[in-house]
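Derivation of every value follows stated rules applied to the coordinates shown; laboratory data play no part. Since the model is a prediction, treat every value here as computed from it, not as a measurement.
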Amino acid sequence: MTGIQRYTFGQLFLCDGIGVVPVTIGFYAIPELIGRILVWLGFVA
């Protein structure tokens, strides 16, 4: 079976996929960053 690599953006380390730990950290970090930015901008008290 052959195929082409997708969503690697020319980076060979993305051929193996993204690990569980970085994805888990991202799930918690991104909402935290959005919340802090909203507080900083004054949208949320």
3J(HN,Hα) from dihedral phi, segment 30-45, Karplus parametrisation 6.51/-1.76/1.60, rounded to Hz, x for glycine, proline: 5, x, 5, 5, 4, x, 5, 5, 5, 5, 4, 7, x, 6, 10, 7
3J(HN,Hα) from dihedral phi, segment 7-18, Karplus parametrisation 6.51/-1.76/1.60, rounded to Hz, x for glycine, proline: 6, 9, 6, x, 9, 5, 5, 7, 5, 7, x, 9
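Using helices alone, I'd like the mean residue ellipticity at 222 nm for the chain: each DSSP H run of four-plus residues gives -39500 (n - 2.57), total over residue count, nearest 500. Could the numbers behind the result be given before it?
Working: 1 runs with 22 residues, N = 45.
Result for the chain, helices only: -17000 deg cm²/dmol.
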